[in-house]
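*Asks:* This structure is in structure tokens; I'll ask about it shortly.
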Amino acid sequence: MATSSGYEHTVGATVEAIAPIIASDDSESQNDQTVGFTYQDKTDMKRMGKKQELRRTFRILSSIAFTTCNMGTWEILLTANTQGLIAGGSAGLFWSLVWVYIGQAFVILSLAEMASIAPTAGGQYHWVSEFAPRKYQKILSYTSGWLSTLAWQSFVAVDSFLVGEVILGMVAINDQSFVPQRWQATLLIIATVLAIAAFNFFAGKRLADAENLFFAFHLLAFLPVIVTLLAMTPEKQTAKTVFTQFTDNGAGWSSMGLTVMVGQVSCIFVVLGMSCPIHNELPIIRALTLYTGSDSAAHMSEEISDAGQVVPRSMVWSFFLNIPLTFGLLISYLFCIGDISEALSSPTGYPFIYVFQNATGSVAGATGLITVVLLLLIFIMTSTYASTSRQLFAFARDNGMPFSNWLARVHPKWQVPGNSILLTCLFTMAMSLINIGSTVAFNAVLSLGVVALMATYGISIGCVLLKRFDGEPFLPARWTLGKAGVYINVIAIVYIAWAFFWSFWPNGYEPTAQTFNWAVVLFVGVMGIACLEYFVHARRFYEGPVVKVEGRS
């Protein structure tokens, strides 16, 4: 692939020695910045005009572990299948997962190539700035940065809520007189996010080692869960029921085809890697939590050794590694679910808790399985929190946030973006207070996350595709799609548009304020505010990271 003279100069140039970046009296901290910092990493960071401020402790295995756990697809599928069961039933949920995995594969491949070209914690907003037409790069990059920030921040809040809700569900099956209260969920959200924030701050240097342990548990816990379900469930569904019986369990749409299309949203979000809580009256928000994994490794690029190769490989390998686990769990779950209507009406709000209790025949057995899932969800949240804080740090570093200088600081001792970690914690705590007044309002705000992140995927891949159509050169990737890139990008855009469209639909034909999908209202509102903010204020100081890229100024 041809390149411009500026990029040829960049690729061919000899990289000079890079001085320590963070001004600190602590020489050990300065030396830590060079750990895992390869020649190619120096080349990439120099080309992008970035300074190395974080420790590169992640290698290929820990990077795959991190991305795999961030996606957490089989664990998330357990907690977020409500919408698919309501609109489509067993067969709808299964076949939706099949075609969604096919479509999302092209998105992952497209993102992986961009992550190889520009391995930076900024991710989408940086890629948009580099690949968008020069005339539009500032507003597109700024908008993508804000959408990505809001999306990732909401994921942490939702993950915290999910952990709290599962804990309350576990209490409910052990004490049938227990009635969960919103303030209890809020306290659990605050406790969870404080613990995860503390871990990310004080144990940041050991995050890569922790991810290896999370990954091992992610794999080892899979077999006991499905073996217990398959071996102990007294009555199982027939294969015909699981694979061919499409049912409407309360959605109320006019045709089964339309019902399945609405229900596929559960699988769309599962494959994208995000989890979500909330009770059955808000199934669209439950699916929200399935969306975080696809670009998670990209936001850790500046802590991954040889990121230009390792990050795209991690994204692709973890995606395909999770496929057999997800299908294995789903098939086992559907064979053992029993009466779908009873599962959906479980007082805990989670069909999987009903299935566990039905399979084991005891509260103690179900509690044990729920505890395993709960631990895995905490591990997933830990990984999500890391990606979220790095994304915020990177966008602030490029002057995209209020108080950017403060948010972009790296703690000299712990070598983590401490202020971004703190703000992420405060955001979730603030959102949790909304839940005390209204769960509907809480979920309405957080419902924005899914479509916001999907929009950033579409914008960034669309910019690359436009470059390819125009025949413009861009820096060759060490992990490249080659001549197939244009076809892969086109399919990715088509799939994103498809998923984006259905993500705005309510789960039922006659939605109430509780079941309405508020994402469409909030997305339009946020886009309007972002554009207004840009033209009124941000365009005067936000230039986009491309101005620092060698050969592009």
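The values are calculated or read from the model by the stated rules, or taken from the named source; none is laboratory data. Nothing here was measured: the structure is a model prediction, and the numbers come from that model. Virtual Cβ from ideal backbone geometry, glycine too; neighbours counted across all protein chains shown. Heads up: the accessible areas ignore ligands, DNA and RNA and are worked out on the full protein's heavy atoms, side chains in. Shrake-Rupley method; radii C 1.70, N 1.55, O 1.52, S 1.80 Å.
*Asks:* Scan the helices (runs of 4 or more DSSP H) fully inside the range 128-245 and keep the ones with 3 or more residues being of a type in the set (D, E, K, R) and crowded, with 19+ Cβ neighbours inside 10 Å. It would help to see each step written out before you state the result.
*Replies:* Values: elements: 137-174, 182-202, 207-220, 222-232, 239-244.
Correct list: 137-174.
*Asks:* Could you tell me whether G328 is in a loop (DSSP other than H, G, I, E, B) and surrounded by fewer than 24 Cβ atoms within 10 Å (Cβ to Cβ)?
*Replies:* Taking the combined requirement at face value, the residue does not satisfy it.
*Asks:* Let me ask something else. Could you please let me know if A121 is buried (at least 22 other Cβ atoms within 10 Å of the Cβ), assigned to a loop (DSSP other than H, G, I, E, B) and touching a residue at least 24 places away in the same chain (Cβ under 8 Å)?
*Replies:* So A121 fits the description; yes.
*Asks:* Looking at the structure I just gave you, is G528 free of Cβ contacts under 8 Å to residues at least 40 places away in the same chain and at positive phi?
*Replies:* no
*Asks:* On to the next question. When you check P417 against the structure, is it out of contact with any Leu (no Cβ under 6 Å at 6 or more places or on another chain) and open to solvent by 20 Å² or more (accessible area, probe 1.4 Å), yes or no?
*Replies:* Answer is no for this residue.
*Asks:* Report yes if some residue within the range 375-382 is within 30 Å of R540 (Cα to Cα), in contact with a Leu (Cβ under 8 Å, 6 or more places away or on another chain) and not charged (D, E, K, R); otherwise report no.
*Replies:* no
*Asks:* Oh, and also: Which residue pairs have Cβ atoms under 7 Å apart, sit 6 or more places apart or on different chains, and have a first residue in the range 535-548 that is charged (D, E, K, R) and a second that is modelled with pLDDT of 85 or more and part of a helix (DSSP H, G or I)?
*Replies:* R539/K138; E543/K138; K548/M48
*Asks:* Further, regarding this structure: Restricting attention to the range 531-549, which residues are among the aliphatic types (A, V, I, L, M) and surrounded by fewer than 19 Cβ atoms within 10 Å (Cβ to Cβ)?
*Replies:* Residues satisfying the conditions are L532, V536, V547.
*Asks:* Still on this structure, please answer the following. In the range 451-476, what residues are open to solvent by 20 Å² or more (accessible area, probe 1.4 Å), modelled with pLDDT under 90 and either under 19 Å from V271 (Cβ atoms) or in contact with a helix residue (DSSP H, G or I) (Cβ under 9 Å, 6 or more places away or on another chain) (or both)?
*Replies:* The answer is E472, P473, P476.
*Asks:* Here is a list: T38, T82, T68, T73. Which entry is open to solvent by 10 Å² or more (accessible area, probe 1.4 Å) and at pLDDT below 95?
*Replies:* After ruling out the rest, the residue left standing is T38.
*Asks:* Working only within the range 376-406, note down all residues that are of a type in the set (V, I, T) and either open to solvent by 10 Å² or more (accessible area, probe 1.4 Å) or closer than 20 Å to F217 by Cα (or both). Working first, answer last.
*Replies:* Taking the range 376-406 and keeping what is of a type in the set (V, I, T), we get 378, 380, 382, 384, 388.
Scanning the range 376-406 gives I378, I380, T382, T384.
*Asks:* Criterion first (over 30 Å from A538 (Cβ atoms) and either in contact (Cβ under 8 Å) with a residue 24 or more places away in the chain or under 24 Å from the mean Cα position of the chain (by Cα) (or both)) does H218 satisfy it?
*Replies:* yes
*Asks:* If E342 passes every condition in (1) of a type outside the set (G, A, S); (2) without any contact (Cβ under 8 Å) to a residue 24 or more places away in the chain; (3) in contact with a Gly (Cβ under 8 Å, 6 or more places away or on another chain) but one, which one does it miss?
*Replies:* Just one mismatch for E342, condition (3).
*Asks:* Same structure, new question: Go through the range 51-81 residue by residue and tally those that are under 17 Å from A297 (Cβ atoms) and outside any helix (DSSP H, G or I).
*Replies:* 7
*Asks:* Also, I was wondering about something else. Determine, yes or no, whether S346 is over 21 Å from P180 (Cβ atoms) and open to solvent by less than 40 Å² (accessible area, probe 1.4 Å).
*Replies:* no
*Asks:* Filter the range 433-459 down to residues that are closer than 23 Å to T143 by Cα and either in contact with an Asp or Glu (Cβ under 9 Å, 6 or more places away or on another chain) or free of Cβ contacts under 8 Å to residues at least 40 places away in the same chain (or both), then give me how many there are.
*Replies:* Number satisfying all stated conditions: 3.
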